[in-house]
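Here is the structure we will look at, set down as structure tokens.
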Amino acid sequence: ELAAQFEAEKILIENYVDTAFGSNAVEDSVTVRFEYINKTIKRGFWYEILSPSTNNDYVYKGQILNSNFGPYFAPILPKVRLQYTAKLINGTIVQADNVEGGTLYDLNLPNANVINSVWRTTFLPYFIKFNEENQRVKGFTSIGLQEGNKIRVIAPSYWAFGKNAQNSIPANSILIYEFTIIDIE
């Protein structure tokens, strides 16, 4: 069931990217192993940097956390002041925050009605240097999003809210986000 959904959404996303994204659209190359469908597949994101950063001073950091399975590296997500919209593939805007000057979001804090895996993946760099070694965190860009960036991301429903409806977002919805980063700390 999930494998079929990934395939169906992949086709819809690629068609959308062909018609609605510009020539600078990038397909995310990260693959993920899903044991319950016994497959390794691409995550399915596409993104396009609409505006370059105006300040690249923010450095993403990480930490070692402990779990029942032992220690592991985890990124420390930033606080970001931003404006954003989220819309369905049919163009319906389902979430937006376009307050003048932006709204401050702490990406480390739970905000299940708004912040999901799409946000976290979009903001993070591909690697974070920790103890002189590159730790792979699988974001999109080499330095992560920075002040001044504007990015458009389309994500399969699995990475957004999945089978959980969320206010005006129906279950299993592909989402298109546009983020404008005003400040990052």
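Every read-out reported here was derived from the displayed coordinates using simple, explicitly stated rules and does not represent laboratory data. Small disclaimer: the values here were computed from a predicted structure and weren't measured. Virtual Cβ from ideal backbone geometry, glycine too; neighbours counted across all protein chains shown.
Please identify every one of the GluC sites (Glu not before Pro) in region 95-168 that sits in a loop by DSSP and has no more than 15 other beta carbons within 10 Å of its own beta carbon.
Here the GluC sites (Glu not before Pro) that fit, given the DSSP loop and packing criteria, are Glu100, Glu132.
Taking θ as phi - 60°, what are the ³J(HN,Hα) couplings along region 122-135 by the Karplus curve (6.51, -1.76, 1.60), each to the nearest whole Hz, with x for Gly and Pro?
With the stated coefficients, region 122-135 comes to 5, 6, 6, x, 6, 10, 10, 6, 9, 6, 6, 10, 7, 9 Hz.
List the relative contact order of the chain as a percent without decimals, with contacts defined as Cα pairs under 8 Å and 6+ residues apart. Before the final figure, lay out each step's value.
Values: 377 pairs, mean separation 45.4, N = 185.
Once normalised by length, the contact order is 25 percent.
Would you please give the residues with an amide H less than 5 Å from that of Val94, counting only those at least 5 places away or on a separate chain, with H modeled from the backbone geometry?
When sequence neighbours closer than 5 places are left aside, the close amide H contacts are Ala86, Lys87, Leu88.
Given q = 0.08, 0.18 Å⁻¹, what are the Debye log10 I(q)/I(0) values for the chain, with equal point scatterers placed on the Cα positions and solvent ignored?
Listed by q, the Debye log ratios stand at -0.25, -1.35.
Pick from Asn55, Asn66, Asn98: which is most flexible by mean-square fluctuation in a GNM of the chain where alpha carbon atoms under 10 Å apart are linked?
Maximum among the listed residues: Asn66.
In Å, what Kirkwood hydrodynamic radius results for region 136-185 from the alpha-carbon pair distances?
Working: mean 1/r = 0.0797 Å⁻¹.
That comes to 12.6 Å for region 136-185.
Restrict the search to region 17-47; then list the trypsin sites (Lys or Arg not before Pro) that DSSP places in a loop and that have at most 16 other Cβ atoms within 10 Å of their Cβ.
Qualifying residues, ordered by number: none.
Taking region 89-185, which trypsin sites (Lys or Arg not before Pro) meet the DSSP loop condition and have no more than 15 other C-beta atoms within 10 Å? Kindly include the intermediate steps, with their values, before the conclusion.
Numbers: sites: Arg120, Lys129, Arg136, Lys138, Lys150, Arg152, Lys163; in loops: Lys138, Lys163.
Counting only loop positions with at most 15 other Cβ atoms within 10 Å, the trypsin sites (Lys or Arg not before Pro) in region 89-185 are Lys163.
Put +1 on the Cβ of every Lys and Arg and -1 on every Asp and Glu Cβ in the chain; which of Gln5, Gln63, Phe34 then has its Cα farthest towards the positive end of the dipole?
Going by the charge dipole, the pick is Phe34.
Residue-wise, which Karplus ³J(HN,Hα) couplings in Hz belong to region 91-104, taking 6.51 cos²θ - 1.76 cosθ + 1.60, θ = phi - 60°, and x for glycine or proline?
x, 5, 6, 10, 8, 6, 8, 10, 4, 4, x, x, 10, 7
Show log10 I(q)/I(0) for region 62-138 at q = 0.12, 0.13, 0.17 Å⁻¹, two decimals, from a solvent-free Debye sum over equal Cα scatterers.
Normalising to I(0) and taking log10 leaves -0.46, -0.53, -0.80.
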